[in-house]
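What follows is a single structure, written as structure tokens, with notes after it.
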Amino acid sequence: MKPAEPKLIESVVAQTDALIRLRRDIHAHPELGFEEKRTADLVATRLAEWGIPTHRGLGTTGVVGIVHGRDGGQCGRALGLRADMDALPMTEANTFAHASQHPGKMHACGHDGHIAMLLAAAQHLARQRDFDGTVYLIFQPAEEGGGGAREMIRDGLFERFPMEAVFGMHNWPGLKPGTLAISPGPVMASSNEFDITITGKGGHAAMPHTGTDPVPIACQIVQAFQTIITRNKKPIEAAVISVTMVHAGEANNVIPDSCRLQGTARAFTFETLDLVERRMREIAEGICAAMGATCAFGFHRNYPPTINTAYEAAFCRRVMADIVGEASVLAQEPVMAAEDFSFMLQQRPGAFCFIANGDGAHRSQFGAGHDTGACTLHNARYDFNDALIPLGATYWIRLAQAWLGHKPPARDGSAARWPRPAKSGRTCGRT
């Protein structure tokens, strides 16, 4: 079946060229986590131009815009739409005109495009206000390892801007442009780091019996960790343990005193993660004890798994299908990458979806050499596909309109979780 033509909002399509220029300007001026001052200034300035009140400083550089509907937000209904703003600490390999002007900093994950899509939606919502309730526009810092979502929450995001549900979106290379993907349940994994120091007794490499060599002990630990994946957890539960750094020794004829192992562990559920951490500690400490060494075991939990609530994921899917047709709404294959939108989903119902970024062919418009090389996330030749901007903005707009135009379900057997109508007596949910 041939995919249907997407039903894009004409006013957004008309602004496409301006939005592309804005996106490329952001791409050319990347800023790392908690340093997004120029980006935040740009966002706040555009929102102010469109008559959208803003609040700044949550999570250091975060921006929250407030768009009330035709009722002035009096009915008390609200949802949040989130875009991340930070770049990655890497040098861009592209040479097109909007390539990064700051060596060692690059928008290699498409956050520049995420900003452009949400700003496009903000402009339309502020001009039309064809809904009752409130849309909170969340421009978040420091997704790339800084936990900016967590910091915005700590600064009172959900207390200052009460919302029923929160939604996020990320571009996804490899999927055909014009498609969207959404599923309930875990869609991205938790991100965790481990740091293990094995301390033995150094000595001459020609006389290993006089010391306790930490290197073969480390090798046994690395190998034994994989038995957690294959023999301790349930086969249907996904998890990954990757030792990515091994540091030991300074000379080829000296047995070192210690060996350090570092890496990452990933899982989709807290139960599996608890098992992985417990067994890693038991194995590391047990092998060290058996071999006459000591073990300093560290395990740090960074981002929790990103878990879409079922009702909100199904709701998003219906909105997507109305825009692009059922054939272009895909099941969202879970991935072991992590996303700090997960912190927001721990606080409110919601869903995190993927919008297809294509295979990188869109770079050919910039001339010879720009249609080659990987265009995957966190790659030095990545670039956001500007053709996504009208579709992503249309999705945000239709989602906000649809959510505020329906009656949400009660939670935990009670409707008390949802904001009550204001004293004016106006109610949301009309079409």
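Could you tell me which numbered condition GLY325 fails, if it satisfies all but one of (1) closer than 19 Å to ASN232 by Cβ; (2) surrounded by fewer than 22 Cβ atoms within 10 Å (Cβ to Cβ); (3) not aromatic (Phe, Trp, Tyr)?
Exception for GLY325: condition (1).
What tally of residues in region 269-304 results from selecting those that are closer than 25 Å to PRO235 by Cα, in contact with a Lys or Arg (Cβ under 9 Å, 6 or more places away or on another chain) and of a type outside the set (D, E, K, R)?
6
Somewhere in region 241-250, is a residue at pLDDT 95 or above, of a type in the set (S, T, N, Q) and touching a Pro at 6+ places or on another chain (Cβ under 6 Å)?
Just the residues of region 241-250 that are at pLDDT 95 or above, to begin with: 241-250.
Right, trim to of a type in the set (S, T, N, Q) and you get 242, 244.
With touching a Pro at 6+ places or on another chain (Cβ under 6 Å) added as a condition, the list becomes none.
Among the residues of region 241-250, not one is at pLDDT 95 or above, of a type in the set (S, T, N, Q) and touching a Pro at 6+ places or on another chain (Cβ under 6 Å), which makes the answer no.
Here is a yes/no grid of residues against (1) within 19 Å of LEU19 (Cβ to Cβ); (2) among the small types (Gly, Ala, Ser):
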{"position": "THR61", "(1), (2)": "no, no"}
{"position": "CYS75", "(1), (2)": "no, no"}
{"position": "ALA83", "(1), (2)": "yes, yes"}
{"position": "THR91", "(1), (2)": "no, no"}
{"position": "ASP112", "(1), (2)": "yes, no"}
{"position": "GLY148", "(1), (2)": "no, yes"}
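Yes or no: GLU250 loosely packed, with under 14 Cβ neighbours inside 10 Å and either aliphatic (A, V, I, L, M) or under 22 Å from the mean Cα position of the chain (by Cα) (or both)?
Values: loosely packed, with under 14 Cβ neighbours inside 10 Å: yes; either aliphatic (A, V, I, L, M) or under 22 Å from the mean Cα position of the chain (by Cα) (or both): no.
Answer is no for this residue.
Out of all the residues in region 158-170, is one or more under 19 Å from the mean Cα position of the chain (by Cα) and at positive phi? Let's see the steps before the verdict.
From region 158-170, those under 19 Å from the mean Cα position of the chain (by Cα) are 158, 165-170; that's our starting set.
Remaining after also requiring at positive phi: none.
Checked region 158-170: no residue is under 19 Å from the mean Cα position of the chain (by Cα) and at positive phi.
Which of the residues spanning region 335-378 are at pLDDT below 95, hydroxyl-bearing (Ser, Thr, Tyr) and part of a loop (DSSP other than H, G, I, E, B)?
Selection gives THR372 alone.
Looking at VAL135, is it touching a Ser or Thr at 6+ places or on another chain (Cβ under 9 Å) and crowded, with 23+ Cβ neighbours inside 10 Å? Give the derivation first.
Details: touching a Ser or Thr at 6+ places or on another chain (Cβ under 9 Å): no; crowded, with 23+ Cβ neighbours inside 10 Å: yes.
So VAL135 fails the test.
Which of the residues belonging to region 307-322 are surrounded by 24 or more Cβ atoms within 10 Å (Cβ to Cβ) and in contact with a Pro (Cβ under 7 Å, 6 or more places away or on another chain)?
ASN308, GLU312
Being under 12 Å from GLU193 (Cβ atoms) and of a type in the set (S, T, N, Q) is the filter here, so list the residues in region 261-303 that pass it.
GLN262, THR264, ASN302
Out of the residues in region 324-346 that are under 11 Å from the mean Cα position of the chain (by Cα) and charged (D, E, K, R), state the one that is nearest to ILE138 (Cα to Cα).
ASP340
Looking only at residues in region 38-89 that are touching a helix residue (DSSP H, G or I) at 6+ places or on another chain (Cβ under 8 Å) and among the hydroxyl-bearing types (Ser, Thr, Tyr), which one is farthest from HIS378 (Cα to Cα)?
Looking at residues that are touching a helix residue (DSSP H, G or I) at 6+ places or on another chain (Cβ under 8 Å) and among the hydroxyl-bearing types (Ser, Thr, Tyr), I get THR54.
Among the listed residues HIS68, HIS102, HIS27, which satisfies the condition of being over 21 Å from the mean Cα position of the chain (by Cα) and farther than 28 Å from GLY133 by Cβ? I'd like the intermediate steps shown before the answer.
On the way: HIS68 fails: farther than 28 Å from GLY133 by Cβ; HIS27 fails: over 21 Å from the mean Cα position of the chain (by Cα).
Of HIS68, HIS102, HIS27, the one residue that is over 21 Å from the mean Cα position of the chain (by Cα) and farther than 28 Å from GLY133 by Cβ is HIS102.
Of the residues in region 166-185, how many are under 21 Å from ARG411 (Cβ atoms) and buried (at least 20 other Cβ atoms within 10 Å of the Cβ)?
Qualifying residue count, region 166-185: 5.
Which one of THR61, THR54, THR45 is over 18 Å from GLN401 (Cβ atoms), more than 18 Å from the chain's Cα centre (by Cα), crowded, with 17+ Cβ neighbours inside 10 Å and polar (S, T, N, Q)?
Numbers: THR61 fails: more than 18 Å from the chain's Cα centre (by Cα); THR45 fails: crowded, with 17+ Cβ neighbours inside 10 Å.
Unique residue meeting the criteria: THR54.
Among what's in region 285-303 and is out of contact with any Phe, Trp or Tyr (no Cβ under 6 Å at 6 or more places or on another chain), of a type outside the set (D, E, K, R) and part of a strand (DSSP E or B), pick the residue that is surrounded by the most Cβ atoms within 10 Å (Cβ to Cβ).
Among residues in region 285-303 that are out of contact with any Phe, Trp or Tyr (no Cβ under 6 Å at 6 or more places or on another chain), of a type outside the set (D, E, K, R) and part of a strand (DSSP E or B), the one surrounded by the most Cβ atoms within 10 Å (Cβ to Cβ) is TYR303.
Just checking, does region 304-319 include any residue being without any contact (Cβ under 8 Å) to a residue 24 or more places away in the chain and assigned to a strand (DSSP E or B)?
no
The values are calculated or read from the model by the stated rules, or taken from the named source; none is laboratory data. Predicted model, so just to flag it, every value in this text is computed and none were measured. Neighbour counts are summed over all protein chains in view; Cβ atoms, including those assigned to glycine, are modelled from backbone coordinates with ideal geometry.
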